[in-house]
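The block underneath contains the structure these notes are about, expressed in structure tokens.
The values are calculated or read from the model by the stated rules, or taken from the named source; none is laboratory data. No experiment lies behind these values; they were computed from the predicted model shown. Don't worry about glycine lacking a Cβ; one is built from the backbone with ideal geometry, like all the others, and counts go over all protein chains shown. SASA here: full protein model, heavy atoms, side chains in, ligands and nucleic acids out. Shrake-Rupley method; radii C 1.70, N 1.55, O 1.52, S 1.80 Å.
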Amino acid sequence: MIVAKDKIVSFDYTLKDSEGIVLDSSEGREPLAYLHGADNIIPGLEDALSGKSSGDQVSAVIEPENAYGPRDDALVGKVPKENLEGVEDIQIGLQLQVQTPSGSKVVHVTHIDEETVTIDANHPLAGVTLHFDVTVTEVRDATAEEVEHGHAHGPGGEHH
Ligand code: ZN
């Protein structure tokens, strides 16, 4: 079966940056399953998998515009430490959920000074060119329920 709209695609992957550093991998985990054509995964990877079938290996280099977008320096800001009272053990890389006028947003801590903490609301992979090595492990028809929900369900029909 060929990867196309309304198929459930399972794949193993390793994601590296341009220096060859592994950023993420499905190794030791179940393959990732998604509904093709429903914006479940980044557009560049969906394009790379289109037309493939089970057992195919795909290497794709995906520019930020087709992944997590460019970095936006306006999304970086300093907050007084006292505003983060109640947050235990602030350290670089820590993810925080903050309330903004447009809803809650995940930010991460990039710098800590005596008085202030720098937080960054960019996606950690914004501005990063992604190097994917993917093996397609399964392609199947989505169920009517999966199409309706817009995502893949587990082997027993459960939500992920
Ligand atoms: Zn569902």
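For the chain, the solvent-accessible area works out to 61 Å² per residue, with a probe of 1.4 Å and every protein chain left in place.
Give me Rg/Rg_expected for the range 73-120, where Rg uses Cα atoms only and Rg_expected = 2.2 N^0.38 Å with N residues. Mind dumping the intermediate values first?
Details: Rg = 10.2 Å, N = 48, 2.2 N^0.38 = 9.6 Å.
In units of the globular-protein estimate, the range 73-120 measures up at 1.07.
Take every pair of alpha-carbon atoms less than 8 Å apart whose residues are at least six positions apart; their mean separation over the length of the range 96-160 yields a relative contact order of 15 percent. Note on Lys81: lysines with a C-alpha under 30 Å away, same-chain residues under 8 apart excluded, are Lys105.
Label reach from Asp47 (point 7 Å along Cα→C-beta): in the range 1-15, amide nitrogens under 18 Å belong to 3-5. When the Cα convex hull of the chain is projected onto planes of every orientation, the mean area is 11.7 nm². Test of understanding: extend the Cα→C-beta vector of Glu27 to 7 Å, then name every residue of the range 127-160 with backbone N under 13 Å from that spot. It comes to 133, nothing else. For the range 73-120, with all protein chains present and a 1.4 Å probe, just round the carbon and sulfur fraction of the accessible area to a whole percent. Carbon and sulfur atoms account for 47 percent of the accessible area of the range 73-120.
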